[in-house]
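Worksheet for the structure shown next.
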Amino acid sequence: MVGCGFFARNHLLAWHHMDGVELVALCDLDAGRLQAAADLIEQAGGTRPRLFADLDQMLREVRPDFVDVVTTMESHEALVGICARHKVPTICQKPFAPDIAAVRRIVDVAGSAGIPLMVHENFRFQGPMMQLKQVLDGGAVGRPVAARLSWRCGFEVFKGQPYLAKVDRLVLLDLVIHVFDLARFLFGEVDRLLARTQKVRPGIAGEDGAVCLLEHGSGVISEVLGSYHTKIDPDPFPETLVRIDGTDGFLEVGHGFEMTITRHDGTEQRSIAPVAPDWGDPVWAMVQESVLNTQAHFIDCLREGREPATSARDNERTFALVEAAYRSAAQGRWVDLATV
Ligand code: NAD
Ligand code: 89V
């Protein structure tokens, strides 16, 4: 694994607890973070992995079966490039890159090397969202027509990820990218998109609020909302609140993972709560469960020689929605995805 910062703890513990996977080596430029990550694995009962400051050296000396890249986006092109040169299958955190041109270069490099490359896009692997998809596909509300996916909260994101206060592209690229992926997962590819962004909190470089309207090829119109500035109690972090209007009914996922399905014959309520890993903590339980599910999907695909659901090629389409949203917000008009 390369990158042992804020979010790495979740990857480390998920790999450690996964059958058939052994964490053999860690890499980070920061010696303190590297040691702390190795300590975490030892404290969890694992063998201390070998430690490296340089990925190329790690791949030469260790020759792992795959690499997990958990650094921030600026380093992904170089690091995935090294994995591609060594022909090592790779899973890489989101956002895949700072812009779509870099995403496409990474997709090409991995494609030419013939390595499996998956993006760690974990929202569609959240237990509650997988259950929602099953219910929708089972026809619970008929054919979806209109939807709203809302991730608006006041989570203090800059505490754990202070670098985010300095990025020009904030909530769309860091957070709404997840919700765009959910929109594709639930309703299919998007033809056109309209977006408006807002900067509410003082002292940050990028936008911390966004409202987007998506026209899907399936006929669904979805609203995708994201915010890091919303003052709300109880704060729904890290939940995506969902409302879906279908030809035969209405479905809502509210705070606390309560799903309500309303149809002509009545209303049904059920819990779609995630199953928290025993190494998780209460606030991050759903995120941690989704990390586990994402990593397990990568391993299943490697073993079976399948393309992952959020392969590099697939994630290029999610990333195109982010690029279209910034273009739309800057130009104040609808953007056709075919032009991105
Ligand atoms: P971070 O800055 O805390 O940690 C990144 C680590 O990578 C640092 O320790 C840094 O020294 C190391 N690093 C950078 N370049 C390197 C290189 N070339 N070689 C070796 N080590 C290098 O970042 P973070 O907050 O942990 O975020 C990492 C990624 O995870 C980001 O892309 C972020 O968007 C993503 N993330 C995803 C979720 C999610 O739910 N999917 C949540 C939080 C963060
Ligand atoms: O998804 C992310 O990258 C994170 C968080 C879940 C905290 O919003 O920034």
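The values are calculated or read from the model by the stated rules, or taken from the named source; none is laboratory data. From a predicted model like this one, the values you see are computed outputs, not experimental measurements. Note: ideal-geometry Cβ built from the backbone for every residue, glycine included; neighbour counts use all protein chains shown. Ligands, DNA and RNA are excluded from the accessible area calculation, which covers all protein heavy atoms including side chains. Shrake-Rupley method; radii C 1.70, N 1.55, O 1.52, S 1.80 Å.
When residue 246 is evaluated against the numbered criteria (1) without any contact (Cβ under 8 Å) to a residue 40 or more places away in the chain; (2) open to solvent by less than 30 Å² (accessible area, probe 1.4 Å); (3) more than 18 Å from the chain's Cα centre (by Cα), which criterion, by number, is the only one it fails?
For residue 246, the exception is condition (1).
Take the conditions modelled with pLDDT of 95 or more and of a type in the set (A, V, I, L, M) and apply them to residue 220. Does it pass?
In short, yes.
Starting from region 218-240, take each residue that is closer than 15 Å to residue 181 by Cα and list its partners that are crowded, with 19+ Cβ neighbours inside 10 Å and charged (D, E, K, R), counting only C-beta distances under 8 angstrom and pairs at least six apart or across chains.
Pairs found: 225/152; 226/152.
Yes/no matrix, rows are residues, columns are (1) part of a helix (DSSP H, G or I); (2) among the acidic types (Asp, Glu); (3) under 21 Å from residue 98 (Cβ atoms); (4) at pLDDT 95 or above:
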site	(1), (2), (3), (4)
150	no, no, no, yes
158	yes, no, yes, yes
165	yes, no, yes, yes
168	no, yes, yes, yes
176	yes, no, yes, yes
181	yes, yes, yes, yes
186	yes, no, no, yes
193	no, no, yes, yes
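In region 249-267, how many are surrounded by 14 or more Cβ atoms within 10 Å (Cβ to Cβ), small (Gly, Ala, Ser) and over 16 Å from residue 129 (Cβ atoms)?
Residues flagged as surrounded by 14 or more Cβ atoms within 10 Å (Cβ to Cβ), small (Gly, Ala, Ser) and over 16 Å from residue 129 (Cβ atoms) within region 249-267 amount to 1.
Can you pull out the residues in region 227-243 that are within 16 Å of ligand 2 (Cβ to nearest atom) and either assigned to a loop (DSSP other than H, G, I, E, B) or surrounded by fewer than 16 Cβ atoms within 10 Å (Cβ to Cβ) (or both)?
228, 229, 230, 232, 235, 236, 237, 238, 239, 240
Which of the numbered conditions does residue 11 fail, given that it passes all the others? Conditions: (1) open to solvent by 60 Å² or more (accessible area, probe 1.4 Å); (2) in a helix (DSSP H, G or I); (3) within 16 Å of ligand 2 (Cβ to nearest atom); (4) not β-branched (Val, Ile, Thr).
Residue 11 satisfies every listed condition except (1).
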